[in-house]
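Read-outs: derived from the displayed coordinates by stated rules, not from any lab. Keep in mind the model is a prediction, meaning the values are calculated, not measured. In this analysis, Cβ positions are derived from the backbone assuming ideal geometry, glycine residues included, and neighbour counts consider all displayed protein chains.
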Amino acid sequence: MFNIEFNTLAEALLMQSQNGQNHGIYVWSVVLIVTLCISISFIFYKYKIKEISKKIK
Amino acid sequence: MQVIKFEFLKLLKKSRGWLGPILVFILIMIAYPLTVEVSDVELRQSFFSILWIAALLVIMLATEDIFLEDFNDGTLEQYAILQKNLSFIIGSKVFVYWLVIGVPISIIGTIFCVGTTSQTAFGYQILPVLLVSTYIFMNVFSFGNALSLTKGSVLGTLVTLPLLLPLLIILGKVVVAINFDLNYSGFLLLLLGILSIIIMIIPMIISYIIRAHLE
Amino acid sequence: MFQVNRAYPYIFYLSLITYLLSIFWGLFLTPEDFVQGNSYRIIYLHVPASFISQSLYLAMAIASAVYLIWKVKLSVYLVRSIAPIGAITTFIALISGSIWGIPTWGTWWVWDARIVSTLILFIMYLGLISLHDSFNNNEKADKFLSILVLVGSVNIPIIKMSVQWWSTLHQPASITLSEKPAIDLVMLYPLFGSIIGFTGLITCLVILSSKLQIIKREKNKSWVKDYV
């Protein structure tokens, strides 16, 4: 069941499909945006909690 | 009944409150064909969208101080202390505003519609839809105005504007139904159903908000 | 507060591992779609985000109702803390949907009912935050926030049912409760894992945000000084 779809790194970056279009840029840009959003949110909230804890102390 | 007559006289006295929005509506409807250099066929299709948008904006303008003067001179407090139902008073206030501003806008909109598309059947079909949708707009915008009563800003109205966008989607489909002679009565009954729910619920919510403001 | 603090690392790492494994599985180990080519893999990022954004609004609606009926202060803190996170997830759903639309439909924005309603949801989240912040954080602001959440919850059935009521460009639901799924099973399993993992991650964000909101609102109590 688990066969790896893309064999080399270049293929995984481009993600070419059967009819020859390169869809890699779309998929990887969405992955980048999602990772950025979620990690920035975590870091932002932790920073705010640290800041307000310092102010209370 | 007395409350309705009282509010009616109060609104008629403040002539910039009701004459202004109607004149702005006429101005927008006249200015649109002047600024759009299109042929006759395209004007007929895009006319309805400017009708809905003009009605939406004019009613937003008209309900900008529906509760403000009453709040400032203390009439709202007197209303809240009375034994009567505050939501009935608010409902009658919105009803009076609709009679004086919403109904003329619907009639003028119908006249412009008949004038642009030159088919009176459109006029007969679009008049009830305009009447019902202006009443729904007025209810939701007065809810938005009540939210930001003490601050005096338009933030409350702007926040409730996104709630009306699904209604605009439905109104767009009503126009398609009128053009192709489809399920017109179904859409009219849908709008009447939405109106009946909104008439019951929004005055209750507004009375709760106003009592929270007055504490 | 203390039980949640003890459980928090477990929730965080478990959901992070689930999410990353599902994304990895979906990106690299599933076969290519016949119609859409390889760009369908955005589904593993788009579907959890839109599902979570609607569920977060429902959670806000239930918490607002609890606040209005039983006057539990913690409920309204929860509502205020979920609002920014809901905005972030709706933003992710909108952006991933637009970028997915470019190879599939040829355009990145269509004015059809579900997409416009999700945009309305995003604007509602932002409006909720701005309305609450325009008051000076008192009881009036909490009441108005709860009322606006409840009135705006009419948008959620429109989003969920709009692909059934009107035939639009956005495809109908592939996973329902009663029928066989319309999507192949090999692609379905990473989707489930992705939804579960994303839910866990957003739960961690909600926990952090609520912690911030509680500490901010209860600054003057004595237990906060001991806790911090």
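Data table
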{"read-out": "Fluctuation leader among A:ILE25, A:ILE43, A:ILE33 - chain A, Gaussian network, Cα springs under 10 angstrom", "value": "A:ILE43"}
{"read-out": "Cα-based Rg / Dmax (Å) for the protein assembly as shown", "value": "26.2, 82"}
{"read-out": "Per-pair calculated FRET efficiency, R0 = 45 Å: B:LEU192 and B:GLU215 via Cβ, rounded to 0.05", "value": "0.80"}
{"read-out": "Nearby lysines by direct alpha-carbon distance to B:LYS14 (threshold 26 angstrom, same-chain neighbours under 8 apart not counted)", "value": "B:LYS5, B:LYS84, B:LYS93, B:LYS151"}
{"read-out": "Residue order, fewest to most beta carbons within 10 Å, for B:ASP70, C:ASP226", "value": "C:ASP226, B:ASP70"}
{"read-out": "GluC sites (Glu not before Pro) within the stretch B:1-67: DSSP coil, no more than 10 neighbouring Cβ in 10 Å", "value": "B:GLU37"}
{"read-out": "Residue mean of other protein chain beta carbons inside 10 Å, B:164-175", "value": "3"}
{"read-out": "Shape metrics for chain C, restricted to C-alpha atoms - Rg then Dmax, Å", "value": "19.4, 62"}
{"read-out": "Protection proxy ranking of B:156-162, B:30-36, B:184-190 - average other beta-carbon atoms within 10 Å, highest first", "value": "B:156-162, B:184-190, B:30-36"}
{"read-out": "Choice from C:VAL79, C:VAL47, C:VAL154 showing the highest fluctuation, given a GNM over chain C with Cα pairs closer than 10 Å", "value": "C:VAL154"}
{"read-out": "Chain C: most fluctuating residue of C:LEU94, C:LEU68, C:LEU78 per GNM, C-alpha cutoff 10 Å", "value": "C:LEU68"}
{"read-out": "Trypsin sites (Lys or Arg not before Pro), loop per DSSP, at most 15 other Cβ atoms within 10 Å - longest free stretch of chain C", "value": "C:72-218"}
{"read-out": "Residue mean of other protein chain beta carbons inside 10 Å, A:28-35", "value": "6"}
{"read-out": "For B:104-116, mean number of other protein chain Cβ atoms within 10 Å", "value": "0"}
